[in-house]
There are 2 protein chains.
Amino acid sequence: MPRRLLLLLLLALSLVASASAVPAVIRMVPDDPTAASSGAVDDADSLFCDSWRLSVETANAGPWLAVPARCGDFVRDYMEGPRYASDSAVAAADALAFASDSLAAAAEWGGSASARPAWVFDVDETLLSNAPYYAVNGWGKSIAIVLAFPLIFSRSLEFNETSFDEWADAAKAPTLPPSLNLYNQLQGLGFHIILLTGRIEFQRNATESNLLSAGYNSWEKLILRQPSDIGKTAVQYKSERRAAMEAEGFKILGNSGDQWSDLIGSPMATRSFKLPNPMYFIS
Amino acid sequence: MPRRLLLLLLLALSLVASASAVPAVIRMVPDDPTAASSGAVDDADSLFCDSWRLSVETANAGPWLAVPARCGDFVRDYMEGPRYASDSAVAAADALAFASDSLAAAAEWGGSASARPAWVFDVDETLLSNAPYYAVNGWGKSIAIVLAFPLIFSRSLEFNETSFDEWADAAKAPTLPPSLNLYNQLQGLGFHIILLTGRIEFQRNATESNLLSAGYNSWEKLILRQPSDIGKTAVQYKSERRAAMEAEGFKILGNSGDQWSDLIGSPMATRSFKLPNPMYFIS
């Protein structure tokens, strides 16, 4: 892996350089004035951006409109390096550990024998990764445009951006491997899998096609926004659908999503699992 | 800072070594067989432990009993290095940004003119840091003993451990500077400050003394566990007290705590802020 080695070496040199107070910022494209943020992430930025990322993942940051300008490189490195994969894998392992225990507990107590155990998954950045789209279109850059309408922002707005529409319609988003493994294990355990996405009904065929080609199958339902859902926040829309599932006799034991708006709101799953996403925010 | 430089250099070398597939783990005490985990954190451990830490901070991990054995060094480095300070500072900045906005919004809408705006703070690892105690007693090691009673665990159990009792009674826990700054700014904005801790009433004098010497003053209330609260989970105890505050006419706009059990449960604050704590878990 010579490229990864080079990146690590640059990072290492950058750390040492900044620690020894040499005012050096090592850039991989030092002569390109338009590439001011394309170099190795420096130590201070890395420290701040890692804290910013934590604030996003814990919801401390609240609603946010764009990746901070100084953190574009950090987000790229995070998403393209081993950290995103590792964080996703640990989130899936946490979910799987709970899933086994929760079924065992339900069987032991026998309380809800008639309820069908269900697991809810979001789609984008949960089952499928749009990272290839953002790698081409700028980590966080296009998002700033998408999120220029904070008061009325909903997932559907993203689909007004032609390039993302084209990406989604192409149905080539790759799988998130830890999520695919979790998905298959949950099916093996007997969970009913319900997919609840902010994508609109118009995207059903492309979404189904992409999910199938990414390795997912045999879901119980794929729920997309209907015309009557446009304008609702994700929290409102998704909470309403979870309530409907429970009314149908599903017991939602687990819920996996990359946005807190996938997870909060009443009714909540018994346990919710926040997958990492430092690229964009949906309220 | 020669020691910090040395650590960074060791980390850098360790990164490069593992990336080039040399099976080298650089240890600072290589000849001490009992110090197997006292060296620089290696790349794979660092990657896993950082993901583990995220899973704790997002509550994905659920209840946990001890820092994973391979992550002891990671937690030490995190707590003693710049990352804990940076994460704490960003959490406080998020809280302050919300605090200003929330008061402005309340004033504009005029909806709850009669309610007194309040901010709730936990104490340990929120206003005061017990890191010096854990630095001496082992990052995560003593915690495993404390948490050996998961079913009946409550904060008060920690005080059954003599050495932590002695530490708390000594009232020498240092301040968390970003929290002190937030505390003072909130008072300046007109917030009523309510301190809600899992410490027991018996610790009131030591706690007050420690808070004062750490720079905190003029709180509205300092609420500690009463005998009737022993055995309640932190979620139950703290939710009951938040409900009582609201019944008294406080509007809890913000809540800062290092445990999710400080923050969740009904009623919740308008916004909750999770401070970092990879050292221990309280349900």
- [ ] Identify, from the list A:214, A:269, A:244, the residue that is within 20 Å of the chain's Cα centre (by Cα) and more than 14 Å from chain B (Cβ to nearest Cβ).
- [x] A:214
TODO: For the range B:190-199, indicate whether the set of residues that are without any contact (Cβ under 8 Å) to a residue 24 or more places away in the chain, within 21 Å of residue B:96 (Cα to Cα) and among the aliphatic types (A, V, I, L, M) is non-empty.
DONE: no
TODO: Could you list, in sequence order, all residues of the range A:251-266 that are among the acidic types (Asp, Glu) and either more than 14 Å from residue A:59 (Cβ to Cβ) or within 12 Å of chain B (Cβ to nearest Cβ) (or both)?
DONE: A:258
TODO: Considering only the range B:211-229, state which residues are among the aliphatic types (A, V, I, L, M) and loosely packed, with under 14 Cβ neighbours inside 10 Å.
DONE: B:212
Open item on the list: The conditions are (1) modelled with pLDDT of 95 or more; (2) within 11 Å of chain B (Cβ to nearest Cβ); (3) farther than 30 Å from residue B:270 by Cβ, and residue A:6 fails exactly one of them. Which is it?
Closed with: (1)
Task: Residue under evaluation residue B:276, criteria (1) within 14 Å of another protein chain (Cβ to nearest Cβ); (2) touching a residue at least 40 places away in the same chain (Cβ under 8 Å); (3) over 19 Å from residue B:53 (Cα atoms), criterion not met - done: (3)
Task: Matching residues, the range A:168-185, being modelled with pLDDT of 95 or more and surrounded by 20 or more Cβ atoms within 10 Å (Cβ to Cβ) - done: A:173, A:176, A:178, A:179, A:182, A:183
Task: Residue under evaluation residue B:188, criteria (1) small (Gly, Ala, Ser); (2) under 22 Å from residue B:134 (Cβ atoms); (3) surrounded by fewer than 19 Cβ atoms within 10 Å (Cβ to Cβ), criterion not met - done: (2)
Open item on the list: Given (1) surrounded by fewer than 17 Cβ atoms within 10 Å (Cβ to Cβ); (2) more than 15 Å from residue B:173 (Cβ to Cβ); (3) modelled with pLDDT of 95 or more; (4) more than 20 Å from the chain's Cα centre (by Cα), identify the lone condition not met by residue B:205.
Closed with: (2)
Task: Output for the range A:81-95, where each listed residue is under 13 Å from residue B:59 (Cα atoms) and free of Cβ contacts under 8 Å to residues at least 24 places away in the same chain - done: A:90
Open item on the list: If I go through the range B:66-85 residue by residue, how many of them are at pLDDT below 95, surrounded by fewer than 20 Cβ atoms within 10 Å (Cβ to Cβ) and under 16 Å from the mean Cα position of the chain (by Cα)?
Closed with: 1
Open item on the list: Just to be sure I understand, how many residues within the range A:219-262 are among the polar types (S, T, N, Q), assigned to a loop (DSSP other than H, G, I, E, B), farther than 16 Å from residue A:281 by Cα and touching a Ser or Thr at 6+ places or on another chain (Cβ under 9 Å)?
Closed with: 0
TODO: For the range A:102-128, name all the residues that are at pLDDT 90 or above and not hydroxyl-bearing (Ser, Thr, Tyr).
DONE: A:116, A:117, A:118, A:119, A:120, A:121, A:122, A:123, A:124, A:125, A:127, A:128
Task: Sole exception among (1) small (Gly, Ala, Ser); (2) in contact with a Pro (Cβ under 9 Å, 6 or more places away or on another chain); (3) at pLDDT below 80 for residue B:131, by number - done: (3)
- [ ] Please tell me if residue A:239 is touching a residue at least 12 places away in the same chain (Cβ under 8 Å), in contact with a helix residue (DSSP H, G or I) (Cβ under 8 Å, 6 or more places away or on another chain), within 25 Å of residue A:62 (Cα to Cα) and not assigned by TED's automatic domain parsing to the domain that holds residue A:65.
- [x] no
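The values are calculated or read from the model by the stated rules, or taken from the named source; none is laboratory data. None of the values given here were measured: they were computed from a predicted structure. Cβ atoms come from the backbone with ideal geometry, glycine included; neighbour counts cover every protein chain shown.
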